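Structure, as structure tokens:
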Amino acid sequence: MRAHLERQLGASVVVAPRSRAAGRLRRAIEDVRSLVRGARQADVVLLSEFRLSHAPLAWLVARLQGAALVVDGFVGQYETAVDDWRRVSPASPAALRFRVLDAAAVRCADLYLIDTEPRAAEIVRRHGPSATVVPLAVGAPTWATRQPPARPHDALRVLYYGGYIPLHGVDLVVDALTLIGARRRVEVVLVGDGPARRAVEARVRRAGLGDRCTFVDAVPEDELLAHIARADVVLGVFGSSAKARGVVANKVWQGLACGRTVVTQRSSALDDVRCAAGGLLVQTEPASASSIADALVGAPLAHQAESPRDVAERLESVVQRSYDRFTDHLSALGPRRVHS
């Protein structure tokens, strides 16, 4: 986002680094000072993801400077703690606090950023904000480039990577593997760690799938490409939350950009991605292990898949169109200097 602001708008972007001081109070004081210093002469204050609790403060500083406030709402506090990680009960005081902070971030913004059209519509439905809510596609990172398929092989190689959060629906994938049975030889590599990993490993053992599943610890991002290159299929998300039904996961963008078939649950958020990816994108019915099983049984091996050679460029066009809309809205605020 910062690169886009500098290249497309010629903006001067000043970044206020997060304080690493010991002690919560000292960090808070240093964060405030950094924000105030950085926002001097700014036309726009941009509040980054993971910082929604700072929205009221960012709003105050922006108003004192006569600046507009843009909030990146990609990672909401409620959906992360309650829906994604399920660390907090929906009926708890903490959940209420997260709801209030998320709502305040929307109300404070002059421009609110989210990643997909369905999630933007949900923000508008729930909060009725005066701010414009703009979907800004995540896209694939620069390292995710088309990979030649591995040498011909027999078993379908399936890759999962992530933190085993409920959003990903890994339990449903295990159920799907059970349903596949002898219909097809499938080998799954699961890369990553998380609180639920041991429970998934135990579920795999109980289902007698130990010979089909290999668990690998989390790897640095620069090693992830090798895992994708070896795979025939990259798994997306299969969770039951509202976010799972409205998000396009990073791994979906990455797998497709690498020229791999991606299996993920159906969502209207995928409409533009589907047009760009063609047959590489396979959507399953929500909450259906049998649908996942059928998709894996029918998935081609990487060397047999009909993959558009320019799929990464097509996906980048989808991202660029969303950034063009963002530029139009941001230009209406008149920015030249942006504080992040």
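The values are calculated or read from the model by the stated rules, or taken from the named source; none is laboratory data. Since the model is a prediction, treat every value here as computed from it, not as a measurement. Backbone-built Cβ (ideal geometry, glycine too); neighbour counts: all protein chains shown. These accessible areas exclude ligands, DNA and RNA; they are computed on the full protein's heavy atoms, side chains included. Shrake-Rupley method; radii C 1.70, N 1.55, O 1.52, S 1.80 Å.
Would you check if F50 is closer than 27 Å to I165 by Cα, open to solvent by 50 Å² or more (accessible area, probe 1.4 Å) and out of contact with any Phe, Trp or Tyr (no Cβ under 7 Å at 6 or more places or on another chain)? Outline the logic, then answer.
Working: closer than 27 Å to I165 by Cα: yes; open to solvent by 50 Å² or more (accessible area, probe 1.4 Å): yes; out of contact with any Phe, Trp or Tyr (no Cβ under 7 Å at 6 or more places or on another chain): yes.
The answer is yes for F50.
Please pick out the residue among A269, A302 that is surrounded by 20 or more Cβ atoms within 10 Å (Cβ to Cβ), touching a residue at least 40 places away in the same chain (Cβ under 8 Å), of a type outside the set (S, T, Y) and not in a helix (DSSP H, G or I). If you could, list the steps in order and put the result at the bottom.
Numbers: A269 fails: not in a helix (DSSP H, G or I).
Going through A269, A302 in turn, just one is surrounded by 20 or more Cβ atoms within 10 Å (Cβ to Cβ), touching a residue at least 40 places away in the same chain (Cβ under 8 Å), of a type outside the set (S, T, Y) and not in a helix (DSSP H, G or I): A302.
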**Study point:** Of all residues in region 206-249 being charged (D, E, K, R) and outside any loop (DSSP other than H, G, I, E, B), the one that is farthest from the chain's Cα centre (by Cα)
**Key:** R206
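Keeping to region 203-241, report how many residues are more than 21 Å from R183 (Cβ to Cβ) and either surrounded by 14 or more Cβ atoms within 10 Å (Cβ to Cβ) or among the aliphatic types (A, V, I, L, M) (or both).
Of the residues in region 203-241, the ones more than 21 Å from R183 (Cβ to Cβ) are 205, 215-230, 236-237, 239-241.
Applying the additional criterion that residues be either surrounded by 14 or more Cβ atoms within 10 Å (Cβ to Cβ) or among the aliphatic types (A, V, I, L, M) (or both) yields 215-216, 218-219, 224-230, 236-237, 239-241.
Matching residues across region 203-241 total 16.
Listed here are the residues, each with its yes/no results for (1) surrounded by 18 or more Cβ atoms within 10 Å (Cβ to Cβ); (2) out of contact with any strand residue (DSSP E or B) (no Cβ under 6 Å at 6 or more places or on another chain).
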site: L156; (1), (2): yes, no
site: Y161; (1), (2): yes, no
site: G169; (1), (2): yes, yes
site: A176; (1), (2): yes, yes
site: L179; (1), (2): no, yes
site: R185; (1), (2): no, yes
site: G192; (1), (2): yes, no
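Please tell me if A91 is small (G, A, S) and touching a residue at least 12 places away in the same chain (Cβ under 8 Å).
Working: small (G, A, S): yes; touching a residue at least 12 places away in the same chain (Cβ under 8 Å): no.
Taking the combined requirement at face value, the residue does not satisfy it.
Please tell me if R314 is among the basic types (K, R), modelled with pLDDT of 95 or more, in a helix (DSSP H, G or I) and crowded, with 16+ Cβ neighbours inside 10 Å.
Working: among the basic types (K, R): yes; modelled with pLDDT of 95 or more: yes; in a helix (DSSP H, G or I): yes; crowded, with 16+ Cβ neighbours inside 10 Å: yes.
Against the criterion (among the basic types (K, R), modelled with pLDDT of 95 or more, in a helix (DSSP H, G or I) and crowded, with 16+ Cβ neighbours inside 10 Å), R314 qualifies.
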